[in-house]
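The values are calculated or read from the model by the stated rules, or taken from the named source; none is laboratory data. Quantities reported herein were computed from a predicted structural model and do not represent experimental measurements. We place every Cβ from the backbone using ideal geometry, glycine too, and count neighbours over all the protein chains shown.
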Amino acid sequence: MVEYEKLVDKISRDLIKNNRALVSTQMRIYELLEFISPFELVFNRLTDEEKKLIEGKYLLNLSNYQLADILHCSEKRVRTMKKRIILKIADWLGKHDAKELAI
């Protein structure tokens with residue numbers, strides 16, 4: 001009987017430990033979702049082409065030439081689009097000073 005009690009105690013401790021870890025993970029997910037929410041709102045306002053450019057440039061670290069190939073346009077158009085997207089997002093966020101934008 002003592003062995004079963006020890007086993008139940010160990011399982012209970014493990015369950016409490018795992019539950020704490022789960023709560024901690026859930027809290028971190030909630031914090032990240034709160035952080036991401038404004039970015040998601042802005043991102044969803046972009047056109048599909050603008051989304052492809054942003055994803056390629058900032059998530060996949062593609063060069064302007066690679067993006068031009070993917071988007072079937074010139075490298076100059078990619079640069080122009082990127083600048084226009086940054087200005088558009090800045091306008092949505094109320095940032096109008098070019099020094100703040102670093103472009």
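Working carefully through the options GLU34, GLU3, find the one that is within 24 Å of the chain's Cα centre (by Cα), in a helix (DSSP H, G or I) and exposed (fewer than 10 other Cβ atoms within 10 Å of the Cβ).
Checking each option against the conditions leaves just GLU34.
Filter the range 70-86 for residues that are surrounded by 13 or more Cβ atoms within 10 Å (Cβ to Cβ) and farther than 24 Å from VAL42 by Cβ and give the result.
GLU75
Does LEU67 satisfy the condition of being part of a helix (DSSP H, G or I), modelled with pLDDT of 95 or more and touching a Gly at 6+ places or on another chain (Cβ under 7 Å)?
Considered against the rule, which asks whether it is part of a helix (DSSP H, G or I), modelled with pLDDT of 95 or more and touching a Gly at 6+ places or on another chain (Cβ under 7 Å), LEU67 comes out as yes.
With the structure loaded, tell me whether ILE85 is touching a helix residue (DSSP H, G or I) at 6+ places or on another chain (Cβ under 6 Å) and not aromatic (Phe, Trp, Tyr) or whether it fails that test.
Yes, satisfied.
Report, by residue number, each residue of the range 43-52 that is assigned to a helix (DSSP H, G or I) and either hydrophobic (A, V, I, L, M, F, W, C) or free of Cβ contacts under 8 Å to residues at least 40 places away in the same chain (or both).
PHE43, ASN44, ASP48, GLU49, GLU50, LYS51, LYS52, listed by residue number.
Tell me, yes or no, whether the range 60-68 has at least one residue that is surrounded by fewer than 14 Cβ atoms within 10 Å (Cβ to Cβ) and under 17 Å from the mean Cα position of the chain (by Cα).
yes
Among the listed residues GLU40, GLU75, GLU55, GLU34, which satisfies the condition of being touching a Ser or Thr at 6+ places or on another chain (Cβ under 9 Å), free of Cβ contacts under 8 Å to residues at least 24 places away in the same chain and of a type in the set (Asp, Glu)?
GLU75
Among ARG79, ARG13, which is within 27 Å of LEU93 (Cα to Cα) and among the basic types (Lys, Arg)?
Answer to the check: ARG79.
Restricting to the range 12-60, and then to whatever is at pLDDT 90 or above and among the polar types (S, T, N, Q), can you tell me which residue is nearest to MET81 (Cα to Cα)?
THR47
As an exercise: evaluate LEU62 against (1) assigned by TED's automatic domain parsing to the domain that holds GLY94; (2) in a helix (DSSP H, G or I) and give the number of the one condition it does not meet.
(2)
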